[in-house]
Every structure is written in structure tokens, then in C-alpha cells.
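Have a look at the structure below, then the notes.
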Amino acid sequence: MSQKEVSRYDIIQKTIQKELKNKEASVLLNLTPRHIRRIKKKVEKEGMQGLVHKSRGKPSNRKVSEEEENQIKTILKDSYPDFTPAFATEKLREKHDIIHDTKTIRRMMIEEGLLKPKKKKQEIHREWRQRRSSYGELEQYDGSYEDWFEGRLGEGKKQCLLAAIDDATGIITRAKFDEHEGVFPTLRFWQEYLEIHGKPMYIYVDKFSTYSMNHKLAKENPDTKTQFTRAIESLGIGSILANSPQAKGRVERLFRTLQDRLVKEMRLRGINTISEANLFLTNVFVPDFNKRFGVPARTEADLHKKVTEKEKESFPSVFSRHETRTVRNDYTIAYKNRWYQLEATQSLLIQKKDTITIEEREDQSIKMKLKGIYLNFHQLPERPKPVTKEKTPWVLAQSLPTIPAQNHPWRRFQINPEKQKSRIRLKSS
């Protein structure tokens, strides 16, 4: 018997001996008076054993039969050896019409050695942050490098998955595979996002070099911006930098879920290319994920702002790499070891030492702009050679001895020889 049942026995005995009333015993045991009367009858008939539950020590009526349990364990070992219990439970229900609780499947996986229980680690104390209240108020964005295709695209080769998740609802607003998490893939991702959803109020990113100037001097200068920050702020979208991965934990947890579920879903469907994976993400996986795991926002408002036609026209310029260069004295500009000559016919006056903005588009085409106006230019086949002038050595002309004229001032005065001699004697003495 348990300690709880022993303590009950003492109270029930006092009610049988009429030392306590049924109502008083019900208050002490937190039971109804009717249940007290029921227990009294059992104790009077069976003694202390009347307090023991009749199902104790017997197998549960809901216990999985040995035959069915062996069948489930065989399926788990053959088809889902590396699945999590929750994911394996879903697949057993969808594909094998086997419906059981996740805890039951977890127990079977542990017994078969397919799952090792994790010990909880002591974590640093962090303050909880409430979700944003409206859809489109804050988008958490990041990239994850993983062997998403389990070696089917090359042994040891990792692919980059870019994803944005809404903070208020927890739904994936966009996800796609790309080459890397660099400038152009990120700019392309957000251009496509704006064309589909509109402009969110804020984008929450980490301090990766694509989103943050990590050099010490750049951090001290508030005007120093990355290509990503410059692009989104020009469209009126704010950016927030996370100081730790836990700060943007929603997108970090999303990638942990995708590294488990998405990898296995693509394996089961035989998806072996990036293009197939992106189609599967857009048409199947993301809608199912959002339906399964999304939560309603606290308000019904959608804070995405509609992109105007003027903003759409500016997308090729906004979502390009911007650099600045100085006009040289011969009206040439150097960019990435290539030389460009500004043409004489322009829509505005260009002067030497003017600062030109160079836009490098995704297709590697070049545009040059000054004061918001695009310039006319052409690429030079080679670097312009500096203009050199032949320097002649400085030579003095040969001069002949000159004899002073008769009226020269030097000839106007006569020197007295006697006085000159006396001066010489005085100096010598």
C-alpha cells in the first residue's frame, strides 16, 4: 500500500467508529461524502485491502499486444530508425494506419536502442520575451548549412537553407535553398518575399557579416551599413540585430525541426535536386507545417505594407550591390580591376573628384549613378596609360669672357697705388 492509502485508512476507521462524521472526513481527505461512504463499505468488508485499487498489478486494458508491438518495432527499425518519436508517430498513422500515443512509440524506440534519452543541461538564465502581437510585425530570418540531401548531392557537401518565420504566428513565411547566405542570395530572398507578402515592419537577424559590420571601426560608425541593411532601410523596413542565437530562438528552433522533418520527408519522396526541393517546400511542406504548428496572433491585423509600383520599379537598383568610386582626372573609373570611361554626353554636369555610386546587379551588369541619375559610360579594353612628357636635361649655355666697356662703372674710379700699399701694411701689422 502507498502512504496515501495508509493515511486514508486511519481517517476511515475513525468514521466507522463514529469519531468523525462523513462530511468531516471528506474535507480531510478532499473527497466527496458519497465517496467516503463507498470506501467505508469496502473497508468494513475487506479491511485495509479495500483501499487498494483493483487494477493494481494487472496489465492495462489499453496495453499494446505483444504481436502488435513487435510489428511496430519492426517498422520503426526498417523505415524510421532516425525519426523522433513525434514524427514517427505521425508517419505510422499516415502510412501504416497505426494509431498510438507518442509516449508509447518513444518507449518502444528506447527499448530497441533507436533513441537515447537526453539529459537536461543546466542553461543560462534568460528572460522570456512575449510574441509580437500582429502578423507581419517582426520576421526572424537566418540561414542553415546542413547536408539536407544526406549525401545525394555529393559526399560531405552541405547546402544552405534560407528561411523566415513570423514572430507572432510561428508560421514559415518563406523558405528556399540557395548557394550560400551571402549578399546576393539574401537580397534575392527578400525581393521575392516583398513581391509575395509585402513589407514587414522589422527583420530580426544575427550578427553574421551579411547583416552586420563586424569590424571595430565600422561598429563605432553609425552610418556604416551592410548591403542588406542599406537595401531594406531604403524601403522603410527596420532591422534588429540579435546578440545571441537564443534571442531569435524561434528561427533557431525552426531549423532544428526542419533538420529532423524536412530531411526525412525529402528522403521518403526521393527528392534529389535543389529545384525539386524548392518546389516541395513551397507547395507541400510549408503549407502543411504552417497548418500543423502555426498559432493565431493576438490581433487580426496584418502589418505588411503593400509595395507600390514605384518601389517595384526600383527593386533592381535597391537589391544590387552598391559601391562608391571617385572620378579621376581623365574621367575614368576603376571597379574590380576593370576600367570605365565616362562619355562626354551626360544628363548632368560631372566634375573631377565627384563620387559615383556603382550598382552591380545580380547578372553582373554595371550601372553608374550620380545624384540619382544614371550615367553614360563604356568599358575600356585596358587600363589607361598615364600621359608622360619627355624631360630634357637642364644644360647651361657656354659663355665667353666679357670685357667691361670704357664707360663701365668699374672704370670710373682710379685706385691710388700708394694708398693701396699703405692699407696692405696696416692690415699686415
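Being modelled with pLDDT of 70 or more and either crowded, with 16+ Cβ neighbours inside 10 Å or not assigned by TED's automatic domain parsing to the domain that holds THR84 (or both) holds for only one residue in SER244, SER209, and it is SER244.
Residue count for segment 254-266, restricted to those that are over 16 Å from GLU90 (Cα atoms) and surrounded by 14 or more Cβ atoms within 10 Å (Cβ to Cβ): 3. GLU112 meets each of the listed conditions (1) modelled with pLDDT under 85; (2) at negative phi apart from (1).
Within segment 303-320, the set of residues being surrounded by 14 or more Cβ atoms within 10 Å (Cβ to Cβ), assigned to a loop (DSSP other than H, G, I, E, B) and not aromatic (Phe, Trp, Tyr) comprises LEU303, HIS304, VAL307, SER320.
Answer with yes or no whether SER314 is closer than 28 Å to HIS197 by Cβ, within 27 Å of the chain's Cα centre (by Cα) and not basic (Lys, Arg). Even if it seems obvious, please write down each step before you answer.
Details: closer than 28 Å to HIS197 by Cβ: yes; within 27 Å of the chain's Cα centre (by Cα): yes; not basic (Lys, Arg): yes.
Yes: the conditions hold for SER314.
Residues of segment 342-352 being touching a residue at least 12 places away in the same chain (Cβ under 8 Å) and either β-branched (Val, Ile, Thr) or surrounded by fewer than 16 Cβ atoms within 10 Å (Cβ to Cβ) (or both), which ones? Matches in segment 342-352: GLU343, THR345, GLN346, SER347, LEU348, ILE350, GLN351, LYS352.
For segment 321-333, check the following and say yes or no: at least one residue is under 33 Å from the mean Cα position of the chain (by Cα) and loosely packed, with under 11 Cβ neighbours inside 10 Å. Yes - at least one qualifying residue is present in segment 321-333. Remark: pairs (first residue in segment 140-169, over 20 Å from GLU265 (Cα atoms) and of a type in the set (Ser, Thr, Tyr); second residue in a strand (DSSP E or B) and modelled with pLDDT of 90 or more; Cβ separation under 6 Å; 6+ apart in sequence or on different chains) = TYR141/ALA164; TYR141/ILE203; THR169/TYR135. For THR282, the conditions (1) surrounded by fewer than 13 Cβ atoms within 10 Å (Cβ to Cβ); (2) assigned by TED's automatic domain parsing to the domain that holds ILE171; (3) among the hydroxyl-bearing types (Ser, Thr, Tyr) all hold with the exception of (1).
The values are calculated or read from the model by the stated rules, or taken from the named source; none is laboratory data. Owing to the predicted nature of the structure, the values given are computational and were not obtained by experimental measurement. Glycine gets a Cβ as well: all are built from the backbone with ideal geometry, and neighbour counts include every protein chain shown.
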